[in-house]
1. Looking at segment A:6-27, can you tell me whether even one residue there is surrounded by 18 or more Cβ atoms within 10 Å (Cβ to Cβ), away from chain B (no Cβ under 14 Å), within 18 Å of the chain's Cα centre (by Cα) and over 15 Å from residue A:225 (Cα atoms)?
2. How many of the residues in segment B:36-61 are surrounded by fewer than 19 Cβ atoms within 10 Å (Cβ to Cβ), part of a helix (DSSP H, G or I) and free of Cβ contacts under 8 Å to residues at least 60 places away in the same chain?
3. Here's a check for you: in segment A:100-111, which residue that is part of a loop (DSSP other than H, G, I, E, B) and more than 10 Å from residue B:157 (Cβ to Cβ) is farthest from the other protein chains (Cβ to nearest Cβ)?
4. Can you tell me which residue within segment A:192-209, out of those that are part of a helix (DSSP H, G or I) and touching a helix residue (DSSP H, G or I) at 6+ places or on another chain (Cβ under 7 Å), is farthest from residue A:177 (Cα to Cα)?
5. Residues of segment B:231-287 being out of contact with any helix residue (DSSP H, G or I) (no Cβ under 7 Å at 6 or more places or on another chain), within 14 Å of chain A (Cβ to nearest Cβ) and not in a helix (DSSP H, G or I), which ones?
6. Check residue B:159 against each of (1) under 18 Å from residue A:93 (Cα atoms); (2) out of contact with any strand residue (DSSP E or B) (no Cβ under 9 Å at 6 or more places or on another chain); (3) free of Cβ contacts under 8 Å to residues at least 12 places away in the same chain and name the one condition it does not meet.
7. With the checklist (1) away from chain A (no Cβ under 14 Å); (2) under 23 Å from the mean Cα position of the chain (by Cα); (3) surrounded by 13 or more Cβ atoms within 10 Å (Cβ to Cβ) in hand, flag the one item residue B:121 doesn't pass.
8. Within segment B:195-213, is there a residue that is in contact with a strand residue (DSSP E or B) (Cβ under 8 Å, 6 or more places away or on another chain), over 26 Å from residue B:82 (Cα atoms) and in a helix (DSSP H, G or I)?
């Protein structure tokens, strides 16, 4: 589904503050694979994810999504395949817009945003129905501005928004980093269910080793811009949580 | 009383500029100073076409196009060359001064004895009343168009662009393009104000745009204060408040002149008035908390 071939990313090349964020990574993420990426700060995890999403373009190497070379395609056009949940709830939703308007935009992620009014009763009911599956009681607040909700609620809604339109790849960049443990658990469980229900190819960056252990069917450890360990589904079955902790020891 | 009627009519003329500033400042979160230039540009295009006896129906499209072009230019400089929006606006505004001057060929172009919007349509016999109905019609049409636009999928994407750029980009919107369109739209509206004012006052002057941005800003800030006060989320109501803001602003200026404040101090009064409006919510907020 996603292929990265010898991808390099260097920030500020040739300058004193040059950073080799990603050093020649080769990675193949299969269809419906749920990949978890762990690694210390500065190991290149987020840069890798940003390059898949297209918000950063690599210096060299190529990236393919669903068999198409997307190396030079800007991020907003990759939304045809990719939905994202950001670390900060503020980045994934528009605070001043109503929940409904946020969902409307998500529902036409892969389509042109035209000059017709798309928010009608049918759409409202559709959104209410979707939101009620969260069990947070938000279905009656769809006219409220997104900014009035808590971080956990917003992250959960961002997840739901990602499957409002045809979605193949879901990128999760530390989606629970800013949340309390309870909200974090709800968000992670929702993500896991959506990934299974919609048969998504997913990539999760996390610093929470428990989440890394509990979720996903493949796990890689990154360090200094390279993949240090790559544990496939079968190996992950026998992996123990303590092994993960040992990687960081 | 006539004095206040004129203020009301001017307020209606400035509604378009207020809506323009509302779009650039509140929706896109971009401080756009192109306004001073594009407002005069609107007046200049109107004056030239009118004095060359061009048919009335091509003047408005020409004015909208000229304003949009100026705004798009600021947008392109801002997004493609990655230049600060404020500076991009100042650059275009400065350049427009020369453009306007060479277009007109002189610094002032009177529109006496040419048939304008206000002489062609006769709804009431009193010229001021006539102007009132024409302007009201104009403002209602513009507001309906903008209100509809903001409700469409495109409009929601516009509103999200100024709110959460990372989000809207991940939802498949080219934010650079969106900002260029937004600034074009804002300045097209500004130019429409120039178009209305020129015909209303009967001349176009090269310096008519100096400091005009404060009229738009003041109107929007009055509206914003009311919006926050009453916790308004409706798009339609917000637009109506922006129009109200434009009219209140002109009325306040009329009151100032009426009570005998020296006309030379008008800009100072304007600045102080806007300052008071801006600081009002914060002052009252401190009291309650």
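The values are calculated or read from the model by the stated rules, or taken from the named source; none is laboratory data. Predicted, not measured: the structure shown is a model, and the values here were computed from it. Note: ideal-geometry Cβ built from the backbone for every residue, glycine included; neighbour counts use all protein chains shown.
1. For segment A:6-27, residues surrounded by 18 or more Cβ atoms within 10 Å (Cβ to Cβ), away from chain B (no Cβ under 14 Å), within 18 Å of the chain's Cα centre (by Cα) and over 15 Å from residue A:225 (Cα atoms): absent.
2. Adding up the residues that qualify gives 3.
3. A:111
4. Looking at the filtered set, the residue picked out is A:194.
5. Listed by number, the residues that qualify are B:231, B:233, B:234.
6. With respect to (1) under 18 Å from residue A:93 (Cα atoms); (2) out of contact with any strand residue (DSSP E or B) (no Cβ under 9 Å at 6 or more places or on another chain); (3) free of Cβ contacts under 8 Å to residues at least 12 places away in the same chain, residue B:159 is out only on (3).
7. (2)
8. yes
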